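**Student:** Have a look at this one before I ask anything.
The values are calculated or read from the model by the stated rules, or taken from the named source; none is laboratory data. None of these values were measured; they are calculated from a predicted model. Note: ideal-geometry Cβ built from the backbone for every residue, glycine included; neighbour counts use all protein chains shown.
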Amino acid sequence: MYNDLNEVRDEVIKCNKCDLCKNRTNSVFGVGNENADIMFIGEGPGADEDREGIPFVGKAGKLMNQAFVGLGISREAIYIANIVKCRPPNNRTPLKQEATACLDYLRNQVILIKPKIIVLLGSTALKNILGENYGITASRGKWIEKKGILYMPTFHPAALLRDDSKKIDFWNDLELIKKEAEKNNYLI
Ligand code: URA
Ligand code: SF4
């Protein structure tokens, strides 16, 4: 359907498929290596991301970056995107109809990037990608294989800001990803 990511981005910039288009400053398409083996999927832009048009540049993103540096995961090697590309008001969880309207863009990003591993950051990413019957607490830290892609659900970095005790699990989950990537010589 799309020849490259720029074509998808051009659609997102002018998209008005859901009401989130009304309040956006910038849509937040995604950032990173277009040949990434590892893709991270978050929920949706916050205030900082809406202002800059880049995912995970705010507080949660900075915390995630610190973990990446600590573990030796390079942001240049990976790709980061969100379930919805426009900021939900007051950072509320995207509604089902908003996620459904937006998901086609993410699917096309996955088709074009062809990641081997997809990291699902938090419940919204998990439920919208793998299904409503998955819960983040039970699913995190366990590999799930579907159609040749390995999925790793883990906590959303914003959850770590609210609850320090989740940091160790997040770290352990990223370590599993790093080990799998090294075993297979994936870009990391
Ligand atoms: N939270 C998300 O889920 N995505 C971002 O891009 C920033 C914060
Ligand atoms: Fe379009 Fe997605 Fe933005 Fe809704 S959130 S307007 S579907 S780009």
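**Student:** Is the stretch 124-137 home to any residue that is among the β-branched types (Val, Ile, Thr) and more than 17 Å from PRO55 (Cβ to Cβ)?
**Tutor:** Within the stretch 124-137 (the criterion being among the β-branched types (Val, Ile, Thr) and more than 17 Å from PRO55 (Cβ to Cβ)), the answer is yes, since at least one residue qualifies.
**Student:** Could you check the stretch 154-188 and list, in sequence order, the residues that are loosely packed, with under 14 Cβ neighbours inside 10 Å and either part of a loop (DSSP other than H, G, I, E, B) or touching a Phe, Trp or Tyr at 6+ places or on another chain (Cβ under 6 Å) (or both)?
**Tutor:** Within the stretch 154-188, ASP163, ASN184, ASN185 meet the criteria.
**Student:** Tell me, which residue of the stretch 113-153 that is in contact with a helix residue (DSSP H, G or I) (Cβ under 9 Å, 6 or more places away or on another chain) and on the phi > 0 side of the Ramachandran plot is surrounded by the most Cβ atoms within 10 Å (Cβ to Cβ)?
**Tutor:** Once the filter is applied, the top-ranked residue is GLY122.
**Student:** Another one. Output the number of residues of the stretch 25-50 satisfying the condition of being crowded, with 18+ Cβ neighbours inside 10 Å and in a loop (DSSP other than H, G, I, E, B).
**Tutor:** 11
**Student:** Is it the case that the stretch 49-58 has a residue that's more than 28 Å from ILE168 (Cβ to Cβ) and among the basic types (Lys, Arg)?
**Tutor:** Yes, because at least one residue in the stretch 49-58 is more than 28 Å from ILE168 (Cβ to Cβ) and among the basic types (Lys, Arg).
**Student:** Only residues in the stretch 36-64 that are at pLDDT below 95 count as the first member; pair them with residues that are among the aliphatic types (A, V, I, L, M) and more than 7 Å from ligand 1 (Cβ to nearest atom), Cβ under 7 angstrom, at least 6 apart or cross-chain, and list the lot.
**Tutor:** Listed pairs, sorted by first residue: none to list.
**Student:** If I filter the stretch 7-24 down to residues being basic (Lys, Arg) and part of a loop (DSSP other than H, G, I, E, B), which single residue comes out as nearest to ligand 1 (Cβ to nearest atom)?
**Tutor:** Once the filter is applied, the top-ranked residue is ARG24.
**Student:** Going by the conditions given, is ALA81 under 16 Å from the mean Cα position of the chain (by Cα), within 13 Å of ligand 2 (Cβ to nearest atom) and under 15 Å from GLY122 (Cβ atoms)?
**Tutor:** yes
**Student:** Search the stretch 144-155 for residues that are free of Cβ contacts under 8 Å to residues at least 24 places away in the same chain and pair each with any residue that is in a strand (DSSP E or B) when their beta-carbon atoms are under 6 Å apart and the residues are at least 6 apart or on different chains.
**Tutor:** ILE144/TYR151
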